[in-house]
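Working notes, structure below.
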């Protein structure tokens, strides 16, 4: 929330559109306003299914995380302002098997159409989330970028 007062962690990608089986590659650029003792810095690939239900004038939503892969980039140490910007390159393979999780073919499309007619709508979102886990602090330095995986 207030991590921006401490610095920033930017996610830089060459591409934002991927297919199952591809490799996401990019880098994290960490820029700090002061030195921090931190437990770690990591990047995650997260898949979430968001469902909206409409009943009359009321609306409800639900998020379900079905995929969460965490890649540690560095460990516990003092991250120093003088070393900034600090860059971390990363590669994350998108498992081909996740294609079955996201889409079960024509049956899923039919069920999706029925749910939409009943007042339900669901979407799947993928994003990368970087976090510098700052020790003894209420606020970490983090950032999130949405990617498209089809």
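Over all alpha-carbon pairs of the stretch 7-63, lay out the pair-distance distribution in 5 Å bins, whole %, shortest bin first. Going out from 0 Å in 5 Å bins, the stretch 7-63 shows 4, 11, 16, 15, 11, 13, 12, 10, 6, 2, 0 percent.
A straight chain from residue 12 to residue 82 at 0.36 nm per residue would run longer than the Cα-Cα distance by 23.1 nm. Which of rounded, prolate or oblate describes the stretch 56-96 when judged by the alpha-carbon gyration tensor and an a/c cut-off of 1.5? Prolate shape, in that a/c is at least 1.5 and a/b is the bigger ratio.
Give the peptides 122-132, 139-149 in descending order of average Cβ contacts within 10 Å, highest first. It would help to have the intermediate numbers written out before the result.
Values: 122-132: 18.3, 139-149: 16.5.
So the order, starting with the most tightly packed, is 122-132, 139-149.
Using C-alpha pairs below 8 Å separated by at least 6 residues, the relative contact order for the stretch 1-95 is 37 percent.
Values in this text are rule-based calculations from the coordinates and carry no lab data. None of the values given here were measured: they were computed from a predicted structure. Every residue, glycine as well, gets a Cβ built from its backbone with ideal geometry; the counts of neighbours run over all protein chains shown.
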